[in-house]
Amino acid sequence: MFNNLKRSTIYKLAAKAYHRFKSSKYLAKKGTGFYCPGCKKYWKNFKPFPQEWLQGLTNSGWPYKPEDAETLNYEQYTCHGCGITDRDRLYILFLEKMLDRHKQHSILEFAPRPALSGFLKNMPNVMHRSSDLFMDEVDDKLDIQDLHLYNNNSFDVFICSHILEHVTDDLKAMKELYRILRPGGFGITMVPILEPVTETREDPFVTDTSLRLKYFGQADHVRLYAKQEFINRLASVGFKVKLYTVDDFGKELFQRSGITQKSVLYVVEK
């Protein structure tokens, strides 16, 4: 068993070394190209959105184009180094701006992504906790519709990114998010928003994965939100909803970080 663990560690270290070597050719001189707020490095470019995913959507009959998405840079999607996506880069820019460095913040991240989680865990003023129903390496295995392990007003911040479109009862999940957030706290609450969609599309009887891909954009999605309906549902459980755009960050920062000028960050407050 010890030898197996040792071999596993060696393989992981070798894989990391190979990744660093492979990605190094995309590094740019300091102050040039794109800047990743996740790994704090400059890159000639970011990786584009996987072409096979886009082709799968097209083949399913999905009627929308990548540029219809409100917050998606399909041309500059993930970082060569840390693998962080454009929307997670946006979250980091916001958190760096909003979190008081002289104060401790408790942050709950749902369905954690390694690059974003790594960044949060390295912040000295952040107490990070993770939650998901299906992922193994999380602190708490919970359904977002039933966060019974957490008391009322437990967290200063939560990050709920591209999760609510997966759950059966999104209003129940939103009520739970409101319950666990401390007064004065905020939550990053994001779902896929497409500009041409003006009415939320959901049907519990659509269970076939190919039809879900066609109508909702992913095989495990149960709805496709319209922008105003998403805002209205969040507000209906008590949240104050704020939308942060390029006007709040600046065009230069968005461009340098590989974030499209029309990207919108949805933040709820209690």
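Computed values, structure above
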| read-out | value |
| --- | --- |
| Any hit, region 98-115, residues being of a type in the set (Asp, Glu), at pLDDT 95 or above, surrounded by fewer than 21 Cβ atoms within 10 Å (Cβ to Cβ) and farther than 23 Å from residue 218 by Cα | no |
| Odd one out for residue 56 among (1) at pLDDT 95 or above; (2) farther than 19 Å from residue 262 by Cα; (3) surrounded by 14 or more Cβ atoms within 10 Å (Cβ to Cβ) | (1) |
| Extreme residue, nearest to the chain's Cα centre (by Cα), among residues of region 144-179 that are of a type in the set (Val, Ile, Thr) and surrounded by fewer than 21 Cβ atoms within 10 Å (Cβ to Cβ) | 163 |
| Test: residue in region 189-199 that is modelled with pLDDT of 95 or more, assigned to a helix (DSSP H, G or I), in contact with a strand residue (DSSP E or B) (Cβ under 8 Å, 6 or more places away or on another chain) and more than 16 Å from residue 163 (Cα to Cα) | no |
| Where a residue in region 183-210 is under 15 Å from residue 173 (Cβ atoms) and among the basic types (Lys, Arg) and its partner, wherever it lies, is loosely packed, with under 11 Cβ neighbours inside 10 Å and modelled with pLDDT of 95 or more, with Cβ under 7 Å and at least six apart | none |
| Members of region 40-61 found to be basic (Lys, Arg) and touching a residue at least 24 places away in the same chain (Cβ under 8 Å), listed by number | 41, 47 |
| Among residues of region 241-270, those that are β-branched (Val, Ile, Thr) and more than 18 Å from residue 157 (Cα to Cα), counted | 5 |
| Top-ranked residue of region 42-101 - restricted to ones that are part of a helix (DSSP H, G or I) and hydroxyl-bearing (Ser, Thr, Tyr), ranked as nearest to residue 125 (Cα to Cα) | 91 |
| Residue match in region 122-139 (condition: within 21 Å of residue 266 (Cβ to Cβ), hydrophobic (A, V, I, L, M, F, W, C), in contact (Cβ under 8 Å) with a residue 12 or more places away in the chain and not in a strand (DSSP E or B)) | no |
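The values are calculated or read from the model by the stated rules, or taken from the named source; none is laboratory data. Remember, predicted model here, so these are calculated numbers, not experimental data. Here the Cβ is made from the backbone with ideal geometry for all residues, glycine too, and neighbour counts use every protein chain on show.
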